[in-house]
Each structure stands twice: as C-alpha cells, then as structure tokens.
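> Got a structure for you, questions after.
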Amino acid sequence: MRRIGPVLAIPFLVLGLLAGLTTAPANAATKYAALVLDVESGKVLFSRHADDKRHPASLTKIMTLYMVFEALEKGKLSLNQRLTASARAEGQACSCLGLRNGDTIQVRDAIKALVTKSANDVAVVVAEALGGTEYRFAVSMTERARELGMNSTRFMNASGLHDSRQVTTARDMARLAIAIRRDFPGYYSEFSTRSFTYKGRTYTNHNKLLGHYEGTDGIKTGYINASGFNLVASVVRDGSRLIGVVFGGESGSKRNAHMRNILTDGFKQAEKIRIASFKPPLPVSRPTIMAAAVAPTPTRAPQLASALTFGREDDGATRDNPEEEVGSRDDSGAWGVQVGAYSTEVRAQRSIATARGLLPSLLNDTEGKVEPLTNRDVPIYRARLIGLLEKDARSVCLDLKRRKLPCVPVPAGG
C-alpha cells in the first residue's frame, strides 16, 4: 500500500479538523427544540422546532408518573404499598437510589425519588409492578400517550435511558405537562418537591427553577448525551399559567437561563393578549323617571325614584347603606371565578361543588357553569361560578387559593 508522506498528510489532517468543527455544531443544533404555551388560551407564545423529534431522556419519567398516578386513582396501587426491586432494576445506569435485588420501596417514596433524584432503578421497579416487564409497560405508556394526543411520541423504557427509538417532541411534552396536572391535580403537587430524604440520605430536585424563578411549581428535567439538557417547566403568575419546554441545552445552567428568558417574554405576551381580549361587562341600564310620570306631589318623587332604581326589596330587607346615592352601586353578577380546567365534565362539576363547600356564604347563590373547550386535541372543561361583583370575585380567589384550590377571577362572558 502506498503511504502518504508527511507533507501530503497535513492537508488531510486540516480537512479532518475542519470537518469536525463543522459537524459538531450541526449535531448540537439538531438537539435543540423549545416551546412556550399559554395553558388557558392554548396560544403558542414561542416555538422552535417544536414538532421535530427529540430524545426525551428523563422527561420520560413524567409519563411514568402519569401511569403511576392513574394506577393510584384506579386502585391498582396504594401509596403505602411496597414494590420489590429486581436484578434488572439494580443493574440500571445511574442516576439511581441504589436499590438492590429484593429491596422494597413504598409507592409514596418511589414517586418522590422519580421527581427529585430521577432514579432510573425506581423507574424500572414501578414499570415492572404495573406492566410485568419494563417493555410491556413502555408499550402501555406509548398507547396512553397517543390517547393524550402525543402522536409523535414513542417510549421504549420507563427511565429515559437512551434508546434510538425513544422519541418525542416539544409540543408532545407540553401536552403531557398539561394533562398530568389536569388529570391528577391532587398528585401534581409532588413535582414541587424540593428535596426528599430516603434512608438517611437527602436528594435535592434537579429542577433548579423551583424556588428561583417566580411561580414555578414543576415539573421535570432530563439529560442524556443524545438529547442534551432538557426541561419541562410549569409556571403561574397573575392568573396565567405557561408551560415551557426546552430540549438540547449545552448545560443545565444554560438550559435554565434560556427557559427563564422565553418564559419571561411569554408572560409579557400573555399579559398583552389578556388586555387586548378583555371585554368589560356592559353597564346595566337604569330606568329614567320622568317627573310627570312619578307623582303630582314633588315631595314623594325621591322615594319613588329610589325604589325603581334599586328594584323592589323583600319585606323586612334593608340596604347596607341607606345613604347610598342612586347609581353608585356596582353592577351585581358581572363577574365570576374559574376554579380550574379539567379533562372531564365530572371533575369540573366536582371542583364547583368543592368551592361552594369551602365558601358557602359567598358561592351558594352563584351559577355553576361547566364550559367545554373542544377546539383542541384534548377537550378541556372549565369550571366557573358566575354572579359576583369584581371585588368579591377577587376576594373569593384569594381565599380559595389559600385553601389550595385553583382560582382565577373572570368577567361574566369572558
């Protein structure tokens, strides 16, 4: 074989280095994707490669937890139930909790380990408990994901460890983030767990937006070399909830900074949209009393005008302020409160009943309304109670939020 001399070899070496320089950024770029979505309106506020397939890494565990929460609601699991680790679970590449073959772990601890430590061994434990084998569980994950509208997603395992066939998109992950909070509001709060102690060792949540970016209440990070640094975040401010998704960060800190930037810009856009779409309630017209039609005696006119303006009062009823001027009252019934948006009409009705049970004196006389939003991949049912003054609607929401019930004041018909 003819050998290449030192002089001729230099150009080939340079070409090789140049090829490496040009392909590395291209490969990095193919990992990136991002999306910011306003949950209430369904509007996309930021999108880059949102429908291009990416590797989910440990974002996979959001779907694993969806399946766990569903099993809990259906009675197939209980929080105190102990699950047994297999040799396969013990052999998982870490991040791990360090379970050995034959060890057991309570379901409640397994949930926290998946949320905070992103433990791959625990993912296999719950997969085998629910599916018999991890592969069968992954098939069920994919089927359930398709039912949620995640049509570009395929799961091959429960942990997110790399498999070239395991893919998703930023848009599908946003759908999953919305679905898990909507379908399991009682369990969703697990994603806000900042730290978890197991057998004397404390694990902190990998999602560093928690406690460092205002309004963040979940949900999950992920990393493998094939994906880069991924993050799905849910943030609520001033009644607006945004879901942010970032794939392919060069580092955890750069990913977090990018997420903060696109979410901050998203909230500015959401505020502009809310202001532009706000329709103030129409004023209630009040009858005009003609002097000639009132009474021939002028001294009785003010009493009659007052009665017609405020309407007939029940026997024995008195106004809070008898000195109140005609026309100075707020229009009653022009506002209401929204106490969540749910995947089924039954859950929406349940939320309305819960709100009334918490504040019966303020909400029993309101009109409960379930409003379906069907112009999206998965129908959503908004739960509302209508018939309040604006100031009362805002006060009710403050009270309900303190009692851990979601609430947003809304204008009637808005």
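The values are calculated or read from the model by the stated rules, or taken from the named source; none is laboratory data. For clarity, every value in this text was computed on a predicted model and none was experimentally measured. Neighbour counts run over all protein chains shown; Cβ positions are idealised from the backbone, glycine included. These accessible areas exclude ligands, DNA and RNA; they are computed on the full protein's heavy atoms, side chains included. Shrake-Rupley method; radii C 1.70, N 1.55, O 1.52, S 1.80 Å.
> Could you run the Karplus curve 6.51 cos²θ - 1.76 cosθ + 1.60 with θ = phi - 60° over segment 242-250 and give me ³J(HN,Hα) per residue in whole Hz, x for Gly and Pro?
Each residue of segment 242-250 in turn: 10, 10, x, 10, 10, 10, x, x, 6 Hz.
> A follow-up question, please. List the trypsin sites (Lys or Arg not before Pro) within segment 111-195 that fall in a DSSP loop (any state other than H, G, I, E or B) and whose Cβ has at most 16 other Cβ atoms within 10 Å.
Details: sites: 112, 117, 136, 144, 146, 154, 165, 171, 175, 181, 182, 194; in loops: 117, 165, 194.
In loop regions of segment 111-195 (DSSP not H, G, I, E or B), the sparsely surrounded trypsin sites (Lys or Arg not before Pro) are 165, 194.
> Sticking with this structure for a sec: Rolling a 1.4 angstrom probe over the protein chains, ignoring ligands and nucleic acids, what is the accessible area of residue 55 in square angstrom, nearest 10?
For residue 55, solvent-accessible area is about 40 Å².
> Taking amide H atoms as placed 1.01 Å from N in the peptide plane, list the residues 5 or more away in sequence, or in a different chain, whose amide H sits under 5 Å from that of residue 388.
Counting only residues 5 or more places away or on other chains, the set is 333, 334, 335, 336.
> Stokes-Einstein at 10 °C, 1.306 mPa s, Kirkwood radius from Cα pairs: D for segment 56-150 in µm² s⁻¹? Show your work: numbers first, answer last.
Numbers: Rh = 13.1 Å.
This corresponds to a translational diffusion coefficient of 121 µm²/s.
> Measure up 53/220; 117/220; 74/112; 43/268; 31/254; 254/404 against 22 Å on the Cα-Cα distance and list the ones that go over.
254/404
> Same structure, new question: Using protein chains only and a probe of 1.4 angstrom, how many square angstrom of residue 273 are accessible, to the nearest 10?
60
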